[in-house]
Amino acid sequence: MSIPLDAQPRNPVDRAPAAWQPYLRLSRFDRPIGFWLLALPCFMGQFLGRAGIGFSLYDLLLMGLWIVGSIAMRGAGCSFNDWVDRDIDAQVERTAGRPLPAGLISPRQALAWTLAQCFIGLLVLLALPAPAQIVALCAIPMVAAYPFMKRITWWPQLWLGLTFNWGVLVGYVAVMGSLDPAALALYGACVAWTIGYDTLYAQQDMEDDALVGVKSTARLFGDQARRWVGRFYLAAFGLVGLACILAEQALAARIVGLAGGLAFGLHLWGQVRQIPATGPAEDPLGLFKSNKIAGLILVAGLLVQAGIGWLLSMRGLA
């Protein structure tokens, strides 16, 4: 009998006190890729917003808030998702070893842990400027509704993209005070990116999802996954380029930003090439995890773009 993937020893969580482990696993501390994919869009929005303005110590504070907030809210989101899906998870091999379906903690304990993490997220929210607070609060209904999307639509990955990348808008408003077309283009890019990479992630559960009636773009696209993931990645690449062009910076800075977007696009194309022409990827989890690198590439490109744009403006060359 195979051991469920979620129950296999893999990282320092296994060395934590036994009483803590179910809570840490409920928050996916044993799977930190989600923290990265939630935090990186916040950095993207912040750095795009710094186009031609420059950086200050305040940016370091914001970066710390993105890290703490992403850990807390990703943990809260996963905990709430598992609380809602505990009966479904018990029927899926990959998730049957999670704390709730395995009976390691009770639903009441899981809900209390979710609220505790939300409280940390609230503290982060209160440290943000008022406009960013308002934008951040608008995401709460989407976060609460996400666990139910797989029951009512074939596009839960779209809903995840809209929710998971809200940090782009929060990060941008935190430094600019309002939104503009550049921020919306970057947000759209990240939504398309998420649909692509979460389709790959969902390929792990296609057979079990079909048995329990859970919908996903992985099931919807079926043998055409390569074509559809490629389309969404192409849209993400194009919208990143548009965001760099719309940013109010010197031409040289925009060119640097476009170079970062090109590197991001090439990484995504490398993923698409590893998907068979028909059928699921051989290593969908590995491809999914590689998006941490893709996100870091884009963050670095936006950071350099903003830095060069600021330096040029200081020299009167913008």
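The values are calculated or read from the model by the stated rules, or taken from the named source; none is laboratory data. All values derive from a computational prediction rather than experimental measurement. Glycine gets a Cβ as well: all are built from the backbone with ideal geometry, and neighbour counts include every protein chain shown. Protein only, heavy atoms only, side chains kept; ligands, DNA and RNA dropped before computing areas. Shrake-Rupley method; radii C 1.70, N 1.55, O 1.52, S 1.80 Å.
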Is it true that some residue in segment 155-164 is within 18 Å of P41 (Cα to Cα) and of a type in the set (G, A, S)?
yes
Assess whether L287 counts as being at pLDDT 90 or above and in contact with a Phe, Trp or Tyr (Cβ under 6 Å, 6 or more places away or on another chain).
no
Name, by its number, the condition in (1) open to solvent by 20 Å² or more (accessible area, probe 1.4 Å); (2) assigned to a loop (DSSP other than H, G, I, E, B) that does not hold for P99.
(1)
F119 - would you say it is at pLDDT below 95, within 27 Å of P99 (Cα to Cα) and among the aromatic types (F, W, Y)?
no
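Okay, residues lined up against (1) under 18 Å from the mean Cα position of the chain (by Cα); (2) at negative phi:
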| site | (1), (2) |
| --- | --- |
| G177 | no, no |
| D180 | no, yes |
| L186 | yes, yes |
| V229 | yes, yes |
Would you be able to tell me the number of residues in segment 150-204 that are out of contact with any Lys or Arg (no Cβ under 9 Å at 6 or more places or on another chain), of a type in the set (D, E, K, R) and under 26 Å from L285 (Cβ atoms)?
1
Within the set of pairs 6 or more residues apart or between chains, which connect a residue that is more than 16 Å from W193 (Cα to Cα) inside segment 280-294 to a residue that is polar (S, T, N, Q) and open to solvent by less than 70 Å² (accessible area, probe 1.4 Å) with Cβ atoms less than 9 Å apart?
P280/Q203; P280/Q204; A281/Q203; A281/Q271
Going by the conditions given, is N81 surrounded by 14 or more Cβ atoms within 10 Å (Cβ to Cβ), at pLDDT below 90 and within 20 Å of the chain's Cα centre (by Cα)?
yes
Look at A39 and say whether it is out of contact with any helix residue (DSSP H, G or I) (no Cβ under 9 Å at 6 or more places or on another chain), part of a helix (DSSP H, G or I) and of a type in the set (G, A, S).
no
Filter result for the condition that a residue is under 30 Å from L48 (Cα atoms), under 19 Å from the mean Cα position of the chain (by Cα) and aliphatic (A, V, I, L, M), over A235, A218
A235
Pair list, Cβ < 7 Å and 6+ apart or interchain, from segment 21-39 residues that are without any contact (Cβ under 8 Å) to a residue 40 or more places away in the chain to residues that are not in a helix (DSSP H, G or I):
L24/A16; L24/D30; D30/R10; D30/N11
How about segment 199-217: which of its residues are in contact with a Pro (Cβ under 7 Å, 6 or more places away or on another chain) and among the aliphatic types (A, V, I, L, M)?
L200, M206
Hits in segment 49-84 (condition: β-branched (V, I, T) and either on the phi > 0 side of the Ramachandran plot or assigned to a helix (DSSP H, G or I) (or both)):
I67, V68, I71, V84
With the structure loaded, tell me whether Y146 is surrounded by 14 or more Cβ atoms within 10 Å (Cβ to Cβ) and under 14 Å from F80 (Cα atoms) or whether it fails that test.
yes
Looking for something closer than 29 Å to Q46 by Cα, surrounded by 20 or more Cβ atoms within 10 Å (Cβ to Cβ) and touching a Leu at 6+ places or on another chain (Cβ under 8 Å) - is there at least one such residue anywhere in segment 218-234?
yes
Is it true that some residue in segment 122-130 is crowded, with 17+ Cβ neighbours inside 10 Å and modelled with pLDDT under 95?
no
Inside segment 276-285, can you point out the residues that are open to solvent by 30 Å² or more (accessible area, probe 1.4 Å) and not in a loop (DSSP other than H, G, I, E, B)?
L285
Let me spell it out: the conditions are (1) closer than 18 Å to N81 by Cα; (2) at pLDDT below 95; (3) in a helix (DSSP H, G or I), and F29 meets all of them except one. Which number is the exception?
(3)
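Okay, residues lined up against (1) of a type outside the set (A, V, I, L, M); (2) modelled with pLDDT of 95 or more; (3) surrounded by fewer than 19 Cβ atoms within 10 Å (Cβ to Cβ):
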position	(1), (2), (3)
M142	no, no, yes
I152	no, no, yes
W166	yes, yes, no
V170	no, yes, no
G177	yes, no, yes
A183	no, yes, no
Q204	yes, no, no
A210	no, no, yes
V214	no, no, no
